[in-house]
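One structure below.
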């Protein structure tokens with residue numbers, strides 16, 4: 001594209017120059033010396049300005065390319081910085097607890113050569129807590145590796161209504177215990193979609209799980225599917241839960257962002273889901289207001305372009 | 001170890017504050033624990049504390065905000081901030097708001113105990129000065 | 001391979017699958033299943049989530065370590081969101097709820113088998129390069 005622009009720009013100037021030169025030659029022939037001199041002057045000037053102009057445009061493009069690259073790089077670094085601090089904080093809390101439990105264990109062991117039954121209970125409790133916190137760290141690192149690994153999608157044709165229904169049934173048993181209804185509104189003749197079924201199942205489960213958490217008790221989760229323009233399929237997950245505030249909406253797909261109390265949930269679910277949907281050539285978006293529930297929409301192409309990143 | 005120091009732990013991780021409370025109590029300190037900045041403010045209104053251990057990152061109200069509020073309630077209470085990360089900006093902010101110091105989490109017990117002790121010393125010194133100032137009769141400007 | 005500690009269920013499923021011309025083998029524990037994997041070749045494993053000893057998720061993890069291209073379908077009677085998410089996270093292909101509808105199961109086995117083939121092809125392609 002750039003070469004063409006370069007070529008087109010030059011073409012303009014060269015033709016202007018040639019025309020002027022032609023005019024000069026014609027005038028010379030008619031022996032209008034003054035006009036001839038003027039035409040020659042114009043020709044000379046246009047050459048010079050052409051070179052100068054083209055050089056300046058090139059330099060500007062070069063600078064813009066540099067700036068673009070720097071911007072992308074600094075955005076990447078900022079993203080990495082945010083991610084790293086998220087990780088550090090998530091891991092630091094369990095570490096602090098582990099450190100403290102070991103201090104307590106030391107303390108208990110200092111007092112008696114043989115721990116009293118109460119001290120024995122305490123010791124066991126502390127050790128159990130350490131195991132729990134180590135597991136918590138393990139979950140975080142595993143989810144992180146999962147997040148970073150970026151599994152390449154393996155494309156198969158899938159019946160999305162069935163795929164979603166399977167996951168809905170998995171969620172339903174627990175949901176009904178909390179009086180949460182799951183309503184289905186599937187488009188009957190939904191076209192089969194070329195996608196990665198297990199990856200998509202992960203996303204669907206994640207959204208259903210979040211919806212169930214948001215509703216807590218006595219509410220509804222509505223799942224609907226429909227075909228929409230441009231050979232796309234829309235999957236909509238609506239819940240009557242607590243909703244998401246405006247400030248949180250911007251960050252909802254960020255890694256480690258979570259509104260759950262400390263220690264519950266790593267905050268990676270939605271960011272992993274977002275990554276998966278992007279890799280499947282689709283889009284995921286959310287609309288929500290506090291107190292009015294949330295609606296997550298997934299758009300997927302029926303036939304994604306092969307070699308999609 | 002001046003065992004009369006009264007300490008309040010403020011941290012959103014339940015297990016953390018439970019075990020810390022056990023450890024501090026075992027070292028002779030009268031200790032209570034709450035799970036949020038708001039609860040800490042309510043608690044401080046109810047009874048006096050000498051030293052408050054305040055976690056900097058908590059949902060709803062963060063540590064720095066809580067520090068400002070707590071100092072309003074009790075000017076002399078010493079607040080030690082517990083943070084997973086140290087930065088110059090945060091340190092300056094803590095000083096500005098009247099915090100005692102910050103400590104990095106995870107923190108070894110002996111370091112924590114030493115800090116609590118020196119904070120308590122500063123508080124008792126300030127309390128003394130305040131008491132003396134109040135005891136001195138002031139000349140009414142009539 | 002079908003792995004489930006409920007022997008009645010195991011026998012029934014193996015019989016039904018065999019009737020539908022599926023080469024099926026039943027195993028009643030996770031540890032035995034892993035041993036068998038070393039000796040025989042399998043394309044798809046249907047794995048119960050709740051088993052005494054080595055549970056479904058543990059077995060899934062071990063299986064994926066040994067035979068990364070093996071496709072696993074989790075079988076669950078209790079349908080917990082948590083185990084569902086865990087299973088998918090650790091690489092399960094799909095979930096089936098008990099009691100299992102045989103046609104549904106067959107469809108899923110078909111999908112899992114297809115996926116394995118695609119995966120193997122991909123591996124072959126990258127090896128050639």
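Things worth noting here:
- Taken together, A:275, A:219, A:269 contain a single residue that is surrounded by 15 or more Cβ atoms within 10 Å (Cβ to Cβ), more than 13 Å from chain C (Cβ to nearest Cβ) and in contact with a helix residue (DSSP H, G or I) (Cβ under 8 Å, 6 or more places away or on another chain), which is A:275.
- The single condition from (1) under 25 Å from residue A:205 (Cα atoms); (2) in contact with a helix residue (DSSP H, G or I) (Cβ under 6 Å, 6 or more places away or on another chain); (3) in contact (Cβ under 8 Å) with a residue 40 or more places away in the chain that residue C:43 fails is (1).
- Members of region C:89-117 that are in a helix (DSSP H, G or I), touching a strand residue (DSSP E or B) at 6+ places or on another chain (Cβ under 7 Å) and at the interface with another protein chain (Cβ under 8 Å from one of its Cβ atoms): C:111, C:114, C:115
Okay, residues lined up against (1) crowded, with 16+ Cβ neighbours inside 10 Å; (2) within 20 Å of residue B:50 (Cβ to Cβ); (3) within 14 Å of chain A (Cβ to nearest Cβ); (4) in contact with a strand residue (DSSP E or B) (Cβ under 7 Å, 6 or more places away or on another chain):
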position	(1), (2), (3), (4)
B:63	yes, yes, yes, yes
B:88	no, no, no, no
B:106	yes, no, yes, no
B:109	yes, yes, yes, no
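- Condition check for residue A:253: within 27 Å of residue A:144 (Cβ to Cβ) and touching a strand residue (DSSP E or B) at 6+ places or on another chain (Cβ under 7 Å): no
- Any chance residue A:257 is surrounded by fewer than 20 Cβ atoms within 10 Å (Cβ to Cβ), away from every other protein chain (no Cβ under 13 Å), at pLDDT below 90 and in a loop (DSSP other than H, G, I, E, B): no
- Among the numbered conditions (1) more than 13 Å from residue B:8 (Cβ to Cβ); (2) away from chain A (no Cβ under 14 Å); (3) more than 12 Å from the chain's Cα centre (by Cα), the only one that residue B:68 does not meet is (3).
- The set of residues in region A:76-104 that are buried (at least 18 other Cβ atoms within 10 Å of the Cβ), more than 18 Å from the chain's Cα centre (by Cα) and more than 7 Å from every other protein chain (Cβ to nearest Cβ) comprises A:90, A:94, A:98.
- Any hit, region A:124-141, residues being assigned to a helix (DSSP H, G or I), in contact with a strand residue (DSSP E or B) (Cβ under 9 Å, 6 or more places away or on another chain), within 14 Å of chain C (Cβ to nearest Cβ) and without any contact (Cβ under 8 Å) to a residue 24 or more places away in the chain: no
- Selection count, region A:104-119, where residues are closer than 26 Å to residue A:137 by Cα and at pLDDT below 90: 3
- Test: residue A:166 is free of Cβ contacts under 8 Å to residues at least 40 places away in the same chain and more than 10 Å from every other protein chain (Cβ to nearest Cβ): no
- Subset tally (residues that are over 14 Å from residue A:166 (Cβ atoms), at pLDDT below 85 and in a helix (DSSP H, G or I)) for region C:59-82: 3
- Search result, residues across region C:34-48 that are more than 17 Å from residue C:7 (Cβ to Cβ) and surrounded by 15 or more Cβ atoms within 10 Å (Cβ to Cβ): C:34, C:37, C:42, C:43, C:44, C:45
- Some residue of region C:33-49 being touching a strand residue (DSSP E or B) at 6+ places or on another chain (Cβ under 9 Å), outside any strand (DSSP E or B) and over 27 Å from residue C:118 (Cα atoms): no
The values are calculated or read from the model by the stated rules, or taken from the named source; none is laboratory data. As the structure is a prediction and not an experimental result, all values here were calculated from the model. Cβ atoms come from the backbone with ideal geometry, glycine included; neighbour counts cover every protein chain shown.
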